[in-house]
Structures are given as C-alpha cells and as structure tokens.
Amino acid sequence: FVVDFEKTGRPASWDKAMPFLLRAVAEVDELNPRSVDSATKAATALGDAKLGGGALVEISMRPPTKKLISAQIAAIRALGSFAGDPKAAKGLIAIINRARPTHPRAVAAPDQRRELEVSFGLYLAAAGASINAIGELRTPAAATPLVLAMYRTPELFMQVRRALVATGPTAKAELRKALRGEHAEVNALFKKHKLGEYCGDRGDQPCVRVSALHFYPAVVLGDFHDDAVVPDLLAVLKKPAAPVYFMDDQPSPNTQYNAVFDALRKIGSPSAAAPVRAAWAPGKSKLDLISRILAASTQPFVSRDAADAAALAKIAADNAADDGLRMEAATAFARLSVDANDIKQLDTLAAKYIDASKKKDMEARKFQKRAADADRTLDAARQAHEKMKADLIAITRDDTKSIADIKTATQAAQKSEDDFKLAKKKHRDETAPFKMANGAAKAYLGYARMFQTHIARIDLGLRCKSDPGCLVASLEATPDEAASKLSRYIKDLASWSDDEKRGLVTAAIDRAMLELGKLGPAASAHTDTLLAAASSDDRQIRLAVLLALPKIAKLPCPQCVTKLDAAIKAGEGKTALGDLNLETTIVRNYFISAGAP
C-alpha cells in the first residue's frame, strides 16, 4: 500500500536483514522457546531468499531434540530451495544417511519403549523432511542414498517414492539394480540388518522371508512409465510370493506381486500381455487367488486386442468362482470387449440378478411387518430401560432417600438391564428373516448394477473405437447423457439413482482413458483436456486420467507440471483426496524428471 512501490513492489533488502536472520539461526537457544521460534521464522526467510545455506546446514545437522526440531525442520525445508548448491545437497544426504535408531517395537519394557518412541519419532521427522527437500533439489547424487533410505526407513516410503521419481534417470538405474539383486550397497544393507527376513520384533521367533527387496523398487519403477523395465518386473513374478513386512507379528496384506502388477498397469507395455495372461488363466496359473485377481485386473492395460475378453467373461459368469475374482474379471472383460454381443451377455447376467433381487425383496416384504413390530417393541423397551436408569441416578442424588430406597432402585435397574438384554435378543431373532432377505436383495441388485454399469465401458469402446476426439468427449458427459446413450440396452434406467447414473459416466471415462493411453503420442493433442480433468475429485476418474497422461503427453511437458501443481493445490486440505494428491504429485514429478523445468 506504499504509493512509491505500488507498481514495482518494495525492493529486496536481504543485505540488511541477513545479519539478523543468520544470527537467529546460528545462535538459537533450544531452552528458550522464543529463540527457537525466531530461528524457525529466520530459516524459512533464508529459504525464500535462497541465502545463508551454510547456517541452515549447520542447524540441520545437529542431533534432533524435541525442543529444537521445529527450527531444524524449517531449515531442512529451506535447503530444498537451494537448487544447484552442492553444500545443501551434501547436508541433506548426510541426514538421510544417518543410522536408524532402535525401533520402539524391539523392546518389551514400557519405559524403554516410550524413550525410544521419542528418539525414533525425531529421527523420522528429520529424515522425512530431508527426503522431501532433496526431492526438490533433484540431484543425481541423491539416487543411491534415497534407494537405501527406501529400505532403511520403509515408514517414509511415500516420501522416498516422490523424491526418487523427481530425481530422474539416475534413480531409475539404481532401482533396476536393486530389483535385480545387483546393487552392492543395497545387498550389504540387507545382509547387515537381515532385511530379507522377519524374525519377530525382538528377534525371538523363527525367521520367515519377506519381499521388501522387490516390492519397493517395483512400485517406483512403474512411476517412470518405461517399457525397458518390464523384463525386470516380470522376473519378480517367478519368485515365490511373500509379505512385504510384518507389523506386530502380522504379515502385510500385500506381496511383491501387488507392486509388479501395479507397475505393469502404469507402464502398459504389450510385451507383458502373455506373461500376465498366464498369471490368471484358468488351468495355467500357478499363483494364489489374490495374485490371480491382480493379474486379471492388469490384463486390459497390457493387451492390444480383445482376445482375452471371452475367457474373462467366462470367469465373471461362473457362480462357483470367488466373488473377488469374478468382479475383477468382469471389469477386465468390459475394458477389453468390442463386441456388441457381449452387451447382451452382460444384460443377461444382470437380468438374472435382478430377478433374484426381486424374489428376495418379495420374501423380505413377508417379514417386514414382523420386523417393524419388533423395532417398535424394542424401542419401547429401550425407553423404559433409559427411564429406569435415570430414576436410579435421581434417587442416588436425592438426600431424602434411604439406603433401602437406593437398594430397591438398584435392583429394579438391574432387572431392567436383564430384561432389555432379553428384548434385544428377541429383536434380533424377530428381525433376522427380514434383514437376511433384504440384505440379499440389495446384494443381488448390486451385482446386477455392476454388470449393467460395465455396459457403459463396452458401449464406449464400440462407439469411439480409436477416435481420440470421441474418447475425450466422455469427460464432458453428464449422468443423464450417459443414461440416454444406454437406454436401448438397460431397460430399468428409470429406477436408477443419481449415484448409479454417475457410475455410468465414470465407467465410460475409465474405458476412454484406457483406450486413449494405448494410442500414445497420437493422442497428444488432447493433453490439455486431460490436464484439466486431472483435478477431478472423483477417485476413479482422476486415476484413469493420471494413467493416460504420461502415455500421450509429448516430452518435455512444462504445462503438465504447471497444471498438475494447480490440481495438487486445489486438493490441499481435503482429507479424502490425500492419496489422489500423492498420485498426482508422482505424475507431476515424472514430468519434471522427463525434462520439464
């Protein structure tokens, strides 16, 4: 608001401020909260000015303490703005390379555990901030330290993943060596700390194999969208599946196969089509059920024709097959099919479940009055019980009541409690037939809607084929427009809810982005349209767009970074979008590592 600087802004005065800022950082007294607060603000200012790197490194390198950590984190973050400064990079790498302290779970004594929780938490805070900062510097020298940190501190894997992708080709080369078991420093780390096996939190149990060596690099290699890494990924499928880690003696829900199939979906290389097919095909696959499900869901992303659609449809229609496998097979089938007859097949399957739903609904109606009466009876019993409890409280607080009065009221309240328990049991018995039939009706209808929604995927494939303009237009469709296109196939659309109709839009976009990604650079003219859609709050839509973008965008793509940064900023503070913002950041970092400034 100063008139003299209204147009130009006030000139920088860092030369005048620097002595005070440097002193606040260098002479911080961790026993004085005001001094720590001043150092925190000064470190942030130095980062904005990109000055005073030496002082920032010095405070960052001190052993972290509870009282000083806020200023240290500010200094570490500030170092992330010192691009091209070898001292800043060296300081951050030194923090990342610190030895991991003893994990709190490794000790049994509560007092020791509490003490270790403090030191371990401080270690993770400093290491995590340093990993984030080194990711901003994008220095090749950080590739090996980051790969080692990926194994040393799996708690920080997501931060490491972001930083590795931003680091670029050097990181990719290090990850490939680790995945192949050819990384000398990684192998030494695994040997020294026995990272390839779990022997109990305190080393007092029989050791079992874990797959951390392959899981973590496989995830990150998928983020580089490079066909060249596919053979390395496929080689992992030849190794026995194993949990990634154990926590409190419980195995992780994922194996290294999860990472491999996730990476193959991102890369989308047709060279993986045959091995992926062998991983799920009935009578051929030697993998466990969960791995077969993962493989089936991956097939549409690596196939370049609809040859597998029939086999997947057969699994989807098999009532004896596992429900999870059936659902993934149905989705994969709908992502591949280009046959109008397949729509009839989906409609037939849907009709079967709609009929089953109607029968169960009619069955539920027979028990509906009985269940409603039971609800009213239970509600009356609940009110009586609540009144009895309130009366007891009132009597105990009434000075005029005798001990005998309180005892009588207590006995009555106890009897009321027992009566209410019996009333709840009777209610469960009375309502069980209705709930079972009603639940089955809803479940059957859910299966029907799943098959009907898949029609939108096949219809999109039939209408658009390989026309990028048609595929991209799906991003603008409304639920009513999507429903109108499918009214000739889906006869009961009038009874669909708005959410169910939105599912048709999402399904069509899912298929469209898959087909667009297969067109590759031939669809690059639509990059900006996809970038605009990358800010969608719809999880399925954004993930579909993020899968397609790296395949169609011509590199380098500076607008990709700018637009994705805007999408990330728009999602900040929205808890439900946390994982979507992470995936958006990973794709943004891919474009940075691919040459965007």
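The values are calculated or read from the model by the stated rules, or taken from the named source; none is laboratory data. These numbers come from a predicted model, not from an experiment. Cβ coordinates were reconstructed from backbone atoms using ideal geometry, including for glycine residues, and neighbour counts include every protein chain displayed. All accessible areas refer to the heavy atoms of the entire protein, side chains included, with ligands and DNA or RNA removed. Shrake-Rupley method; radii C 1.70, N 1.55, O 1.52, S 1.80 Å.
Please give the calculated 222 nm ellipticity per residue for the chain, where each DSSP H segment of at least 4 residues contributes -39500 (n - 2.57) and the sum is spread over every residue; nearest 500 deg cm²/dmol?
Working: 26 runs with 412 residues, N = 597.
So the calculated ellipticity at 222 nm is -23000 deg cm²/dmol.
Each residue of the stretch 107-123 in order: what ³J(HN,Hα) in whole Hz does its phi give by Karplus 6.51 cos²θ - 1.76 cosθ + 1.60, θ = phi - 60°, with x for Gly and Pro?
10, 9, 5, x, 5, 5, 4, 4, 5, 5, 4, 5, 5, 5, x, 5, 4
So what are the ³J(HN,Hα) numbers for the stretch 33-40, from phi and the Karplus equation (6.51, -1.76, 1.60; θ = phi - 60°), rounded to whole Hz, Gly and Pro as x?
x, 5, 5, 5, 4, 5, 5, 4
Provide the net charge surrounding S70, with neighbours chosen by a C-beta distance below 14 Å and charges set as Lys +1, Arg +1, Asp -1, Glu -1. Please report the intermediate quantities before stating the final value.
Values: positive: R34, K41, R62, K66, K67, R77; negative: D29, E30, D37.
Combined, the nearby Lys, Arg, Asp and Glu give +3.
Quick one: Karplus J couplings for the stretch 85-92, per residue in order, coefficients 6.51, -1.76, 1.60, θ = phi - 60°, nearest Hz, x for Gly and Pro?
9, x, 5, 5, 4, 4, x, 5
Leaving ligands, DNA and RNA out of it, report the carbon-plus-sulfur percent of the accessible area of the chain at a 1.4 Å probe.
Numbers: 16630 of 29710 Å².
On the chain, the fraction of accessible area on carbon and sulfur atoms equals 56 percent.
From largest accessible area down, sort F261, F367; use a 1.4 Å probe on the protein chains. Let's see the in-between values first.
Details: F261 0, F367 55 Å².
So, going from the largest accessible area down, we get F367, F261.
Leaving ligands, DNA and RNA out of it, rank H103, H385 by accessible area with a 1.4 Å probe, largest first. Could the numbers behind the result be given before it?
Numbers: H103 35, H385 10 Å².
Result of the area sort, largest leading: H103, H385.
Can you put L543, L516 in order of accessible area, largest first, using a 1.4 Å probe? Don't jump to the answer; show the numbers that get you there.
Details: L543 55, L516 0 Å².
Greatest to least solvent exposure: L543, L516.
Roughly how many Å² of F451 are accessible to a 1.4 Å probe, to the nearest 10?
For F451, solvent-accessible area is about 0 Å².
Using modelled amide H (1.01 Å from N, peptide plane; none on Pro or chain starts), what sits under 5 Å from the amide H of S285, excluding residues fewer than 5 places away?
Correct list: empty.
Please work out how much accessible surface M158 shows to a 1.4 Å probe, ignoring ligands, DNA and RNA, in Å² rounded to 10.
Near enough 80 Å² of accessible area.
For a quick check: with amide H placed at 1.01 Å from N, whose amide H comes under 5 Å from C557's, ignoring anything fewer than 5 positions away on the same chain?
So C557 has HN proximity to A596.
Skip the ligands, DNA and RNA, and give the accessible area per residue of the stretch 319-473 with a 1.4 Å probe, whole Å². Numbers along the way, then the final one.
Working: 9000 Å² over 155 residues.
Computed with neighbouring chains in place, this is 58 Å² per residue.
How large is the Rg to Rh ratio of the stretch 367-473 when both quantities use alpha carbon positions and Rh follows Kirkwood?
Working: Rg = 27.8 Å, Rh = 18.8 Å.
Reported Rg/Rh, Kirkwood definition of Rh: 1.48.
Could you list, in their original order, any pairs among K41/K87; K266/K465; K50/K569; K172/K192; K286/K360; K314/K465 whose Cα atoms are separated by more than 27 Å?
Numbers: K41/K87 22 Å; K266/K465 21 Å; K50/K569 23 Å; K172/K192 24 Å; K286/K360 38 Å; K314/K465 24 Å.
Over 27 Å apart, Cα to Cα: K286/K360.
Given H placed 1.01 Å from N in the peptide plane, which residues other than close sequence neighbours of E197 have an amide H under 5 Å from its amide H?
V210
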